[in-house]
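Okay, structure first, notes after.
The values are calculated or read from the model by the stated rules, or taken from the named source; none is laboratory data. This structure is a prediction, so every number in the text was calculated from the model and none was measured. When we count neighbours, we look across all protein chains shown, and the Cβ atoms used for this are built from the backbone with ideal geometry, even at glycine. To get the accessible areas, we keep the full protein, side chains included, count just its heavy atoms, and leave off ligands, DNA and RNA. Shrake-Rupley method; radii C 1.70, N 1.55, O 1.52, S 1.80 Å.
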Amino acid sequence: MVSSQQFQHKSRMFKWGISLNVIFIVAEAIAGVTASSLALLADAGHNLSDVLGLLISWLALWLSQKGPTKQRTYGYKSSSILAALANAVFLLVAVGGIIVEAIQRWAHPQPTSDWIVIIVAAIGIVINGLTAVLFMKDQHGDLNIRGAFMHMAADAGVSLGVVIAGFVALMTGWQQLDAIVSLVIAVIILIGTWGLLRQSVNLALNAVPEGIDIDQVRKIIMADPTVANVHDLHVWAMSTTEVAMTVHVVRTTLADNNDFIEKMNRELNQGFKICHLTIQTELGKCSPELTDDSI
């Protein structure tokens, strides 16, 4: 569970991000109606879906603070994993929409030189860029925050493409550049989203989190001279910020067992940030059934 200070910090990020984007959506919708621009109204709807993504991530952050219950003994920690997965799916849907729209615009070029569209898109760069900056620092250590960051960074990229295509269209009259820029942006978003999707699916399936080498975990345990073997070793993510582990350790002696467990907790937390560790110690010798290759 994140500390109260971290929770407040991340909550403020979501509050600012959501507030800025809601204001922008309202302004964009008004501009769309005023300029009779279907493109602006459609983009306002797209930005509304991004706000929904931010709300899902914020809800998951709030749920992760809820304590365990008799039915949910881990609480709602894994909701952050589901939120990251949902944001990855939202981004893929957005990429699909961009590609379809780009193909249609290539076949039937639409004017992008309207100054209202360019100005609103430029404001979108600022709003989405600022929101992305809010999440930039924390996105490296929290997949849920990374999903929110990528949503905003992707939107800033789309707005940048609109501005570039608009200015080039003003100077050259080449309306199809808008479609080309849109396709390039879609590919960039797809590449970034693939990593988010892969990691969130792996965490949802209780795979070993990235950055943790299970062979190194085993090596640390086996380095203790009283350890004969290790089996039933499992490492998985309880949330996008917390890692759990269970293991059976065969020792040649059970003397100083509490000191041994405390040592393992300390070393594995320092080395891999494993914060929920359950060790079952067993008295015995290394046997053929329990080889180092057994999980």
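Quick notes on this one:
- Qualifying residues in segment 170-201 (those that are of a type in the set (S, T, N, Q) and in a helix (DSSP H, G or I)) - the one nearest to SER79 (Cα to Cα): SER200
- Restricting the first member to segment 111-123 and to residues that are within 17 Å of ALA29 (Cβ to Cβ), and the second to residues that are at pLDDT below 75 and part of a helix (DSSP H, G or I), the beta-carbon pairs closer than 7 Å and six or more apart or on different chains are ASP114/ALA35; ILE116/ALA35; VAL117/ALA39; VAL117/LEU40; VAL120/LEU40.
- Tallying residues that are open to solvent by less than 40 Å² (accessible area, probe 1.4 Å) and either farther than 30 Å from SER57 by Cβ or in contact (Cβ under 8 Å) with a residue 40 or more places away in the chain (or both) within segment 245-264 yields 7.
- Matching residues, segment 180-203, being open to solvent by 20 Å² or more (accessible area, probe 1.4 Å) and not hydrophobic (A, V, I, L, M, F, W, C): SER182, GLY192, ARG198, GLN199, ASN202
- Which listed residue, of GLU242, GLU267, is within 30 Å of ALA86 (Cβ to Cβ), surrounded by 13 or more Cβ atoms within 10 Å (Cβ to Cβ) and acidic (Asp, Glu): GLU242
- Matching residues, segment 204-214, being at positive phi and surrounded by 14 or more Cβ atoms within 10 Å (Cβ to Cβ): ASN206
- For segment 64-104, the candidate set comprises residues that are farther than 23 Å from SER159 by Cβ and of a type in the set (Phe, Trp, Tyr); within that set, the residue that is surrounded by the fewest Cβ atoms within 10 Å (Cβ to Cβ) is TYR74.
- Residue that is least open to solvent (accessible area, probe 1.4 Å), among those in segment 272-293 that are at pLDDT 90 or above and in contact with a helix residue (DSSP H, G or I) (Cβ under 9 Å, 6 or more places away or on another chain): ILE274
- Residues located in segment 246-275, provided they are under 34 Å from the mean Cα position of the chain (by Cα) and charged (D, E, K, R): GLU262, LYS263, ARG266, GLU267, LYS273
- Cβ-Cβ under 7 Å pairs, at least 6 apart or on other chains, segment 1-30 side open to solvent by 60 Å² or more (accessible area, probe 1.4 Å), far side of a type outside the set (Gly, Ala, Ser): MET1/GLN65; TRP16/LEU134; VAL22/VAL51
- Enumerated helices (runs of 4 or more DSSP H) restricted to segment 1-120, each holding at least 1 residues that are at pLDDT 80 or above and touching a Phe, Trp or Tyr at 6+ places or on another chain (Cβ under 7 Å): 4-35, 38-63
- As a summary of the residue check, ASN47 satisfies the conditions (1) in contact (Cβ under 8 Å) with a residue 40 or more places away in the chain; (2) of a type outside the set (Val, Ile, Thr); (3) open to solvent by 20 Å² or more (accessible area, probe 1.4 Å) except for the one numbered (3).
- Hey, VAL217 farther than 30 Å from ALA102 by Cβ, part of a helix (DSSP H, G or I), at pLDDT 80 or above and open to solvent by less than 20 Å² (accessible area, probe 1.4 Å) or not: yes
- Boolean, ASP155 is among the acidic types (Asp, Glu), in contact with a helix residue (DSSP H, G or I) (Cβ under 9 Å, 6 or more places away or on another chain) and assigned to a helix (DSSP H, G or I): yes
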